[in-house]
1. By average Cβ neighbour count within 10 Å, what is the ranking of 176-184, 147-155 from highest down?
2. Taking H placed 1.01 Å from N in the peptide plane, check which residues at least 5 places from ARG310 or on another chain put their amide H under 5 Å from its amide H.
3. PRE reach from ASN3 (point 7 Å along Cα→Cβ): which of the range 109-132 fall under 19 Å by backbone N?
4. Can you list, largest first and rounded to whole Å, the semi-axes you get for the range 114-198 by taking the square root of 5 times each eigenvalue of its Cα gyration tensor?
5. Give the long-range amide H neighbours of GLY64: residues separated by 5 or more places, or on another chain, with amide H under 5 Å away, using H modelled in the peptide plane at 1.01 Å from N.
6. Over the range 293-346, with the other protein chains present, what is the accessible area per residue in square angstrom, probe 1.4 angstrom?
7. Extension gain SER306-GLU200, at 0.36 nm per residue separation less the Cα-Cα distance, in nm?
8. Over the range 280-338, calculate the relative contact order: mean separation of alpha carbon pairs under 8 Å at least 6 apart, over the residue count, as a percent.
Amino acid sequence: MMNKVPVILISGFLGSGKTTLLLRLLAYTRQIPLRAAVLMNEMGEYDVDSAIISEEMPDVTVEGLLEGCICCSKRNELAGALHTLLSQEPDVIFMETTGVANPEQVLEELRSPLLADRLYLVHGISVVDAELFHEYNSRFTADKELVRTLHGQLRSADFIVVNKTDVASSREVAKVVKNIRKLNDTAKLQTTEYSRIDLEPLLEPVLTSVWVDPKPVQVFQHTSAQMQPNDAEASPIPIPAKDNERPSNASRSTAFKVISAHRQNHSHDHDLPHSFSRLESLTLHQYSPQPLEKQRLEDFLTGLGSSLLRAKGYCVLPHEGTMLLQFSGSHLEWQPTALPVSQGYVTLIGEQLDKASITDQWEQCFVSL
C-alpha cells in the first residue's frame, strides 16, 4: 500500500498574508530538507502567486487552478491537480486556496475516495488580517454566503494566524482574537506580522510521517493551548516593503487594456454552503510598449474606492523595471522581480465591480500621453 502524503491547507480572506506564510513554510522545508509541492488556486486569469513561488524557489513543483475556487467551480479539477503533484512523489503538499474559498468544502473533497487513500490532512491554517477583520465582517454582514465563508475559514482551522499586527492597535488585535475565539476556541493561535510564526510545530507531524511512517494523523485534532506570539524568524525570504507614499492626483494613461472580466459563477452541491456571491475579478493587461508610470497606476487603483478589495500583478515601470504589485485594503506595496515579464498585467478583485466604468476609466485616463 502506498504511503499517504501529508497535506497542509492554507486559507484566509483576500490579502491576509497566505502566500507570505507559504513562502516561509517552503523555505523551512528546503532547509530540512523535504520535497514540497504546491497547489495554488487563484481567482484571476493569471497565476500571480505561483509566479512568486517559482521565482523564489524554482525547484518546487507548483500546480495552479485559475479563474475559480477549488471549493466549488474548480472542485472537479482538484483531484486531478493533486494526483499530478502526487506523481512527483513529494514529502508534503501545501494547498493555498483563494481568499474567498470555504475550506470546509475542500475538506469534503480531500476525504473523497479519489484522494483519501493517497493523502491526509495534518493541518488547516487560517490567516487573518488583524487590521481589516472587523471591517470586512461588518461590511459583508448582508451577504450571508460570504459571511459563512469567512467564518468557515476560521471554524475549520486547527491553527490560526492573526497577521499584520504591525498596522493594527493592540486593542484592535485583542478584539480580533476575542471574536475569533467565539467561532473557534480550540485552535492554536498566534499573533504576528509578515506571517512570522514558529514553523516547527506545524511541520512536526510531516517529519514524523516521512521518517517514522506512523499511522496518519487525525484531521484537525484540536488542542486548547493557545500559542503565544513568537519573535523567532523563519528562514530569510524577500518580503515586500511597505510603500507609505500616498497617491496624488496625477494624470493617467491607456497603457493597459481589459483582457478578462470573469464573474465567479460558482456551482455547488445542494448540501454544501456557498462560498461567496458578489465578488468578482477583472484582469487588465499592459499592452503598450511604453512603460506605465508607477504613480499613475497607484492613482487608478486608489480611485476605484471601496469596491476594490485586492489587486496584484506584474507591471513594467519606466525607472524601476518590472515590479510585483500587491494592493490590499488601503495598503499598496511594490517589490522588484527578476521574472521575465514581457507584458504587465494586474488582476482586480472586488465587490460588484462596475466593469464598464472601470474599463472606461482605464481607457480614458491617459489621453494626455
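The values are calculated or read from the model by the stated rules, or taken from the named source; none is laboratory data. Predicted model only: the values in this text are computed from it and were never measured. Using ideal geometry, Cβ is built from the backbone for each residue, glycine included, and neighbour counts are taken over all protein chains shown. Protein only, heavy atoms only, side chains kept; ligands, DNA and RNA dropped before computing areas. Shrake-Rupley method; radii C 1.70, N 1.55, O 1.52, S 1.80 Å.
1. Values: 176-184: 15.7, 147-155: 21.2.
The peptides rank, most packed first, as 147-155, 176-184.
2. ILE349
3. Zone members listed by number: 116-123.
4. Working: eigenvalues 111, 63, 22 Å².
Its equivalent ellipsoid spans semi-axes of 24, 18, 11 Å.
5. MET40
6. Numbers: 1940 Å² over 54 residues.
Value returned for the range 293-346: 36 Å² of accessible area per residue.
7. Numbers: separation 106, 0.36 × 106 = 38.16 nm, distance 3.83 nm.
Roughly 34.3 nm would be gained on extension.
8. Values: 65 pairs, mean separation 14.8, N = 59.
Across the range 280-338, relative contact order equals 25 percent.
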